[in-house]
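Q: Pasting a structure below so you can have a look.
The values are calculated or read from the model by the stated rules, or taken from the named source; none is laboratory data. Quantities reported herein were computed from a predicted structural model and do not represent experimental measurements. Neighbour counts run over all protein chains shown; Cβ positions are idealised from the backbone, glycine included. Just so you know, the surface numbers come from the protein's heavy atoms only, side chains and all, with ligands and any DNA or RNA stripped out. Shrake-Rupley method; radii C 1.70, N 1.55, O 1.52, S 1.80 Å.
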Amino acid sequence: MISLPTRSTRLLLNLSVALACQTLAPVGHAAGEPARAPAGALEEVVVTAQYRRQSLYEVPISLSTLDGDQLDRLLVANIDGLSGVTPGLSGWQQGLSTPIYALRGISTNSFGIGGESSLGVFVDDAYIGRINSTALRMPDVERVEVLKGPQGSLLGRNASAGAILYHTRLPRSERSLDLGLVAGDYRTRELRLTGNTDLLDQRLLLRATGFYREQRGDAKNLARDHHYVGGEDGEGLRLALSYGAAPFTADLSLGWQELDSGGLGYETLDPVLAAAGGVRPDPFDDELATDIRTSDRIESRDANLRLSWDRGGSWRLRSITAWHRNASPNSFDVDGSAVFLSSAAFGARDSETFSQEFRLTGEWRDVEWLAGASYFEEDISTRIELAYSDSNRLAGLPVSPADFGVPLPDFALCDPLSDFVFGPCRDRAEETAYHRGDYRSAGLYGDLSWRATERLTLSAGLRYSRDDKDFAYRSDPVTSVTTALNALRSAPLNPAGNILGYSSEDWIRLSEHWDDWQPRLALNLELTPAHSLYVNLARGYKAGGFEPAATPELSVYDPETVNSLDLGARGKLLNGRFSYDLAGYYYDNADYQVQVIANGIARTINSDGITGSGLDWELNGRLGERWLLRLQGAYTDASFKRGGEYGGNRTVLTPRHSAGLSLDYRGPVHSWGGLGLGWQSQYQSDIYYSVQNSPDARRDDLQLHHLRLSYFAPRQNWSLHLHGRNLFDKDYTIFQQDVGAGLVARRGMPRQLLVELEASF
């Protein structure tokens, strides 16, 4: 039996009793129709988390939502920005092609093509797939919904931690042209342009959004021609067409983006290695030195077609067809120094996906129902290139041959006796591996919501998911002193000794299939027109995957499943001027997939699982006529189950405590114009970057503050904004770990001042 921790239960019960004791006003609106907000109240929040337009207070799911205006004010352009304003969501882009996020403690820290993310990302109802695709910029967004907890019954594919739903803006009937210009520190330059027009008597509408952006990196590589890393140069275009002639509508969107950051920016924390490059072992001094010129790029193409047939109250049929292509090559210095020890690259990492979903919804008396079928396929490949030096890594290190059962005296590596035993040390050795994946996933699902009484709605859903995956890999054996030592130390798990952990001149082919049932039971109780409670019991599922190893049997890991219970309360206070959202949860994750790094080899394995519990909360309010307030916080207790190798350790990138404050002021407009002010503060307690919870892979508590000052023209057709990001120039890391050649770190963005001009024509 699943139960909430005592503290969470007590808080929720106390809140429930307090709300229930208020005067019970009659329910004044029909199901699915948001109540009209009184003057001065917050606008009603409408979401589509259950595939139909509903007031947030009718949805028995823990979620956070931000509209496009809020995202623009907070300069949120991708998930990296969302993590600072969404309770329970944490993480960063370590690089464009290596984002990593955790939701309520569940994350995916593997970037290989054999696995997939635990946090599903959907753009206009279409599943994205690769985690590296989630780093793309999301221009012209209407609304973002962050659904917390397993969303298997409705969304299905790999939403075991939750899901992020992007809804882009549809074309409108009026003609308009919106311009945005940004300039600032680190030679930041950005141009955004959005146009909207009517092509066919308001039946065919067109909307186009384009952007160009360049920003110099925050760290200069002194060893590689002062090459900067950590910036973002890129451009993109999105076209949207909408056609409507009742009962039929069609929406088509086409997108293209290319982004380049210059590299991941790993920097050594070893004083000797840093001194060899003429820099300090300090990731916050704007300088680093690596022996290779790093790179990190994303290229993306996508298309999305949504067709709808609406037969009024009887039924509605919707078809979503999507195609996505992504290339995300990168190269990085594993040791982060000017000494050639080890470097790696995903020389080619390409994926192409196609998905098709049919969704039928309708109502019958007091029941709203839906049924659907989905299909997803992905063709993906990568080439991994690893280079290292025997001489620089091993020369002079003492060896005791007795450790390997060799009857010789002790000696140092790379000396004459070492050359006799292991062969001569190589100045450069290279390993190259090739991976290919062909994945197919199908699902059937249904969901019913029964309005049992005027105030109580019961929901039940069920999905069947099946994944069929074919995977192949190969890597030619390499002869070096390093591989000889590895073969002696790790046989029979790594008989060839390759640093990658496997070798085969021929393709090793694997084929697996997994299936699972994901049920959901939920209820939503409307205590008053202004307050509601919900309970949601759900199961999540994430397919198994592949991490190439010395044998086929070691190269497969199992699916992970999550059983979760949410208890939540939502409501309005002070005549609708404030709204609150509180959720307590408990989950049990079995066979949790996690990447571990041991002896320089990264592998994804099934752990004994994790458990998590906590609280998420939000408070939104209008302070008088001109001020908007947003408060948020989360307590997350997520750790590995006792008894396993990592038993009791906290999950990566998961702060126990986090909080945020946003204030927004919009003054009256006079003959000379108007003024605005925005303030945002974020807090996170300490986090770990590795499952081992090593002190060297830990980041202390973090506080960040951002400021926005605005001027609005008298006619409000243009505005000017000054943004201060990380206003007090806080030093903090977004990555710190030993990945096989010494401890390296990457810092977060320092203080940045930006000026933004927005104009409408």
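Q: Mind telling me which of the residues Q716, Q752, Q703 ends up being loosely packed, with under 15 Cβ neighbours inside 10 Å, out of contact with any Ser or Thr (no Cβ under 6 Å at 6 or more places or on another chain), over 30 Å from N606 (Cβ atoms) and at pLDDT 95 or above?
A: Q703
Q: Still on this structure: Of all the residues that make up the range 551-563, how many are in contact (Cβ under 8 Å) with a residue 24 or more places away in the chain, among the acidic types (D, E) and open to solvent by 20 Å² or more (accessible area, probe 1.4 Å)?
A: The number of residues fulfilling the criteria is 1.
Q: Oh, and also: Restricting to the range 167-196, give me the number of residues that are surrounded by 16 or more Cβ atoms within 10 Å (Cβ to Cβ) and closer than 15 Å to D251 by Cα.
A: Matching residues across the range 167-196 total 6.
Here's the yes/no breakdown for (1) acidic (D, E); (2) closer than 30 Å to R238 by Cβ:
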residue: R280; (1), (2): no, no
residue: D286; (1), (2): yes, no
residue: T290; (1), (2): no, no
residue: S295; (1), (2): no, yes
residue: D302; (1), (2): yes, yes
residue: S314; (1), (2): no, no
residue: T321; (1), (2): no, yes
residue: N326; (1), (2): no, yes
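Q: Within the group Y228, Y186, which residue is free of Cβ contacts under 8 Å to residues at least 60 places away in the same chain, closer than 30 Å to L273 by Cα and not aliphatic (A, V, I, L, M)?
A: Y228
Q: If you check D566, D588, D516, which single one turns out to be buried (at least 21 other Cβ atoms within 10 Å of the Cβ), among the acidic types (D, E) and part of a strand (DSSP E or B)?
A: D566
Q: Please go through the range 195-251 and give me each residue that is among the polar types (S, T, N, Q), assigned to a loop (DSSP other than H, G, I, E, B) and over 30 Å from P750 (Cα atoms), ordered by number.
A: Passing the criteria: only Q202.
Q: Okay, moving on. Residues in the range 320-333: is at least one charged (D, E, K, R), in contact (Cβ under 8 Å) with a residue 12 or more places away in the chain and touching a Leu at 6+ places or on another chain (Cβ under 9 Å)?
A: Yes, the range 320-333 has at least one match.
Q: Condition test on G265, is it in a loop (DSSP other than H, G, I, E, B), in contact (Cβ under 8 Å) with a residue 60 or more places away in the chain and not basic (K, R)?
A: Yes.
Q: Can I ask one more? When the residues of the range 602-644 are filtered to those that are closer than 30 Å to Y502 by Cα and in a strand (DSSP E or B), which remaining residue is most open to solvent (accessible area, probe 1.4 Å)?
A: R603
Q: Counting just the residues of the range 727-744 that are modelled with pLDDT of 90 or more and polar (S, T, N, Q), which one comes out least open to solvent (accessible area, probe 1.4 Å)?
A: T733
Q: Please determine, by comparing only the residues of the range 649-670 that are open to solvent by less than 30 Å² (accessible area, probe 1.4 Å) and more than 17 Å from G91 (Cα to Cα), which one is farthest from the chain's Cα centre (by Cα).
A: Result: G667.
Conditions (1) at pLDDT below 95; (2) open to solvent by less than 20 Å² (accessible area, probe 1.4 Å), marked per residue:
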{"position": "N304", "(1), (2)": "no, yes"}
{"position": "D310", "(1), (2)": "yes, no"}
{"position": "V334", "(1), (2)": "yes, yes"}
{"position": "V339", "(1), (2)": "yes, no"}
{"position": "S342", "(1), (2)": "yes, yes"}
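Q: Among (1) out of contact with any Phe, Trp or Tyr (no Cβ under 9 Å at 6 or more places or on another chain); (2) surrounded by 15 or more Cβ atoms within 10 Å (Cβ to Cβ); (3) more than 30 Å from E758 (Cβ to Cβ), which single condition is Q682 missing?
A: (3)
Q: Mind telling me which of the residues E142, E174, E190 ends up being charged (D, E, K, R) and in contact with a His (Cβ under 6 Å, 6 or more places away or on another chain)?
A: Of the residues listed, the single one that is charged (D, E, K, R) and in contact with a His (Cβ under 6 Å, 6 or more places away or on another chain) is E142.
Q: For the condition buried (at least 23 other Cβ atoms within 10 Å of the Cβ), more than 28 Å from G461 (Cα to Cα), touching a strand residue (DSSP E or B) at 6+ places or on another chain (Cβ under 7 Å) and free of Cβ contacts under 8 Å to residues at least 60 places away in the same chain, what is the one hit in S83, S97?
A: S83
Q: Which one of these is part of a loop (DSSP other than H, G, I, E, B) and of a type in the set (K, R): R192, R157, R143?
A: Answer to the selection: R157.
Q: Looking only at the range 313-326, count how many residues are open to solvent by less than 20 Å² (accessible area, probe 1.4 Å) and under 19 Å from A135 (Cβ atoms).
A: Matching residues across the range 313-326 total 3.
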